[in-house]
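What follows is a short report on a single structure.
The values are calculated or read from the model by the stated rules, or taken from the named source; none is laboratory data. Only a predicted model underlies this, so the values are computations on that prediction, with no experimental measurement involved. Glycine also receives a Cβ, built like all others from the backbone with ideal geometry; neighbour counts cover every protein chain displayed.
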Amino acid sequence: MKKALITGITGQDGSYLAELLLEKGYEVHGIKRRASLFNTERVDHIYQDPHEKDPRFFLHYGDLTDSSNLTRIVKDVQPDEVYNLGAQSHVAVSFEAPEYTADVDAMGTLRLLEAIRFLGLEKTTRFYQASTSELYGLVQEVPQKETTPFHPRSPYAVAKMYAYWITVNYRESYGMYACNGILFNHESPRRGETFVTRKITRGIANVAQGLEECLYMGNLDALRDWGHAKDYVRMQWMMLQQEQPDDFVIATGKQISVREFIRMSAQYTGIDLEFSGDGVDEIATVVAVKGDSASGVSVGDVIVRVDPRYFRPAEVETLLGDPSKAKEKLGWEPEITVEDMCAEMVAADLTKAKQHALLKEHGFDVSVAKE
Ligand code: NDP
Ligand code: GDR
């Protein structure tokens, strides 16, 4: 039985990857951080009580800032494959916590690679690094592919650039099977609530159910190549099953704007929107309401406004990936379109919003967390 170790197992990708590897018969180990509340919601459905017979899913307390802890876990687990998905992964937050972001995202990757090398596992343990389209930042070429030069535009992206190169360096220096997946944005109903797609689907669902009045957004013109996390974790596994390690761009090859994603999410909720204004003072007004999911809004309501507090000190305006190498060398292609993904996210967030609305209607105190 193969053993995998996943950092970031409690995150969006970690949870889908753990499911996939369990399905494939792996023994799966994950590193979770100590938190004052339970933080395992995304993996609770696959959690196995350690008292069960022959468990295949294990969680270990740890942190990418703690090398002795990482070394001990790698030593205990002796993994065949390590997936380094753990990170302070929010670009806007990285401007507020640049040093911490560098410690986790850059140095954390080095600590993990060193743990593998220090234990003499560099020829046996395969390593996947969660690299990112944010490396391209101020884009030099459209679409972006493996050979496109990097120009990172945030402390997050700069930290991830170190992680990208140290992964390449350990491959070249020590013959490690180490790969970078340069993944473009990927989303799902499990996406963190403060990333733009989830903020939109959750916000629109809450507004539709009368739980919030208005959604405040940043740059509506930003263009992203959005895929589904399920498709992308499949590729993370495929990358570690090749004869030779290599780096791959994972993307859909299509892009849409944040504004279009809002329009689409509203439509799936039964709301037609009209945008007016420009950039900093833009608003979206309800022009039609269909079906019964949007009983909390009326024609004429303004339900989206731009608030410059969500603008970033340096923005990545446009990203569009070229996944040809992944298709040619690995036979990988995304299966879920951005439209289907958006519909799935809206449906999941509407279900939650309806539950909250029902509780509110029956006199329970319901507060909705906001950023
Ligand atoms: P999430 O933010 O959903 O998950 C991040 C995970 O990292 C969580 O499990 C989090 O734990 C954990 N983590 C954060 N800080 C630490 C730390 N100091 N030590 C150990 N673990 C830590 O990210 P995604 O699942 O979306 O992304 C996975 C990886 O892929 C990340 O590295 C991200 O930067 C990268 N990436 C993501 C893309 C995307 O579009 N989703 C695209 C390209 C790259 P906790 O749950 O406790 O917060
Ligand atoms: P990104 O994702 O920065 O691309 O990083 P995010 O969803 O945060 O932003 C995408 C674009 O939307 C614009 N935007 C807003 N973003 C947020 N979060 N909130 C808003 O209100 C808002 N309004 C507009 C942003 O300015 C940006 O242009 C994600 C993360 O998952 C990274 O870890 C990963 O590496 C990259 O994707 C690829």
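Condition check ((1) of a type in the set (A, V, I, L, M, F, W, C); (2) within 16 Å of ligand 2 (Cβ to nearest atom); (3) at pLDDT 95 or above) across all residues:
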{"residue": "L22", "(1), (2), (3)": "yes, no, yes"}
{"residue": "V28", "(1), (2), (3)": "yes, no, yes"}
{"residue": "R33", "(1), (2), (3)": "no, no, yes"}
{"residue": "S36", "(1), (2), (3)": "no, no, yes"}
{"residue": "D44", "(1), (2), (3)": "no, no, yes"}
{"residue": "P50", "(1), (2), (3)": "no, no, no"}
{"residue": "D54", "(1), (2), (3)": "no, no, no"}
{"residue": "L59", "(1), (2), (3)": "yes, no, yes"}
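Among the residues of region 295-320, what is the count of those that are in a loop (DSSP other than H, G, I, E, B), within 15 Å of E213 (Cα to Cα) and either hydrophobic (A, V, I, L, M, F, W, C) or touching a His at 6+ places or on another chain (Cβ under 7 Å) (or both)?
Step one: of region 295-320, the residues in a loop (DSSP other than H, G, I, E, B) are 295-301, 307, 311-317, 319-320.
Now restrict to residues that are within 15 Å of E213 (Cα to Cα): 295-301, 307.
This time we only want the ones that are either hydrophobic (A, V, I, L, M, F, W, C) or touching a His at 6+ places or on another chain (Cβ under 7 Å) (or both), so: 297, 299.
The total comes to 2.
Matching residues to (1) under 28 Å from T337 (Cβ atoms); (2) touching a helix residue (DSSP H, G or I) at 6+ places or on another chain (Cβ under 9 Å):
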position	(1), (2)
L119	no, yes
G137	yes, yes
P149	no, no
Y156	yes, yes
A178	no, yes
F184	yes, yes
V196	yes, yes
R202	yes, yes
A205	yes, yes
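Taken over region 211-220, the residue count meeting the criterion of being buried (at least 19 other Cβ atoms within 10 Å of the Cβ) and not in a loop (DSSP other than H, G, I, E, B) is 2. Does any residue in region 159-183 that is among the charged types (D, E, K, R) come within less than 8 Å, Cβ to Cβ, of a residue that is assigned to a helix (DSSP H, G or I) six or more places away or on a different chain, and which pairs are these? Sorted first by the residue in region 159-183, then by its partner, the pairs are K160/D105; K160/A106; K160/E134; K160/L135.
Can you find even one residue in region 92-115 that is part of a loop (DSSP other than H, G, I, E, B) and crowded, with 20+ Cβ neighbours inside 10 Å? Even if it seems obvious, please write down each step before you answer.
Let us first name the residues in region 92-115 that are part of a loop (DSSP other than H, G, I, E, B), namely 97.
From the residues that got through so far, the ones that are crowded, with 20+ Cβ neighbours inside 10 Å too are none.
No, region 92-115 contains no residue that is part of a loop (DSSP other than H, G, I, E, B) and crowded, with 20+ Cβ neighbours inside 10 Å.
When you scan region 329-339, do you find a residue that is closer than 22 Å to L215 by Cβ, loosely packed, with under 14 Cβ neighbours inside 10 Å, of a type outside the set (V, I, T) and more than 16 Å from ligand 1 (Cβ to nearest atom), even just one? Write out each step before concluding.
We begin by selecting, within region 329-339, every residue closer than 22 Å to L215 by Cβ; these are 338-339.
Narrowing further to those that are loosely packed, with under 14 Cβ neighbours inside 10 Å: 339.
Narrowing the set further to residues that are of a type outside the set (V, I, T) leaves 339.
Among the residues that remain, those that are also more than 16 Å from ligand 1 (Cβ to nearest atom) are: 339.
Scanning region 329-339, I find at least one residue that is closer than 22 Å to L215 by Cβ, loosely packed, with under 14 Cβ neighbours inside 10 Å, of a type outside the set (V, I, T) and more than 16 Å from ligand 1 (Cβ to nearest atom), so the answer is yes.
Check region 155-176 and report whether any residue there is part of a loop (DSSP other than H, G, I, E, B) and farther than 17 Å from L64 by Cα.
Within region 155-176, the first condition is being part of a loop (DSSP other than H, G, I, E, B), and the residues that meet it are 175-176.
Now narrow it down to the ones that are farther than 17 Å from L64 by Cα: 175-176.
Within region 155-176 (the criterion being part of a loop (DSSP other than H, G, I, E, B) and farther than 17 Å from L64 by Cα), the answer is yes, since at least one residue qualifies.
Which members of region 29-47 meet the condition of being loosely packed, with under 10 Cβ neighbours inside 10 Å and among the aliphatic types (A, V, I, L, M)? Spell out the reasoning first.
Applying the first criterion (loosely packed, with under 10 Cβ neighbours inside 10 Å) to region 29-47 yields 34-38, 45.
Those that are loosely packed, with under 10 Cβ neighbours inside 10 Å and among the aliphatic types (A, V, I, L, M): A35, L37.
So, in region 323-346, exactly how many residues are touching a helix residue (DSSP H, G or I) at 6+ places or on another chain (Cβ under 6 Å) and touching a residue at least 40 places away in the same chain (Cβ under 8 Å)?
Our first condition is that a residue be touching a helix residue (DSSP H, G or I) at 6+ places or on another chain (Cβ under 6 Å); within region 323-346, this holds for 330, 332-336, 342-343, 345-346.
Right, trim to touching a residue at least 40 places away in the same chain (Cβ under 8 Å) and you get 330, 332, 334-336, 342-343, 345-346.
Matching residues across region 323-346 total 9.
Taking (1) closer than 26 Å to A130 by Cα; (2) surrounded by 20 or more Cβ atoms within 10 Å (Cβ to Cβ); (3) within 9 Å of ligand 2 (Cβ to nearest atom) in turn, L223 satisfies each apart from (2). Filtering region 116-135 to residues that are surrounded by fewer than 21 Cβ atoms within 10 Å (Cβ to Cβ) and polar (S, T, N, Q) leaves only T124.
Being out of contact with any strand residue (DSSP E or B) (no Cβ under 7 Å at 6 or more places or on another chain) and part of a loop (DSSP other than H, G, I, E, B) is true for just one of E19, E41. Which residue is that?
On the way: E19 fails: part of a loop (DSSP other than H, G, I, E, B).
Within the list E19, E41, the selection yields E41.
Determine whether A35 is within 14 Å of W237 (Cβ to Cβ), among the aliphatic types (A, V, I, L, M) and under 22 Å from the mean Cα position of the chain (by Cα). First the steps, then the outcome.
Values: within 14 Å of W237 (Cβ to Cβ): no; among the aliphatic types (A, V, I, L, M): yes; under 22 Å from the mean Cα position of the chain (by Cα): yes.
No.
A87 satisfies every condition listed in (1) away from ligand 1 (no atom under 15 Å from the Cβ); (2) aliphatic (A, V, I, L, M); (3) assigned to a loop (DSSP other than H, G, I, E, B) except (1).
Among the residues making up region 136-158, none is near ligand 2 (Cβ under 9 Å from one of its atoms) and surrounded by fewer than 22 Cβ atoms within 10 Å (Cβ to Cβ).
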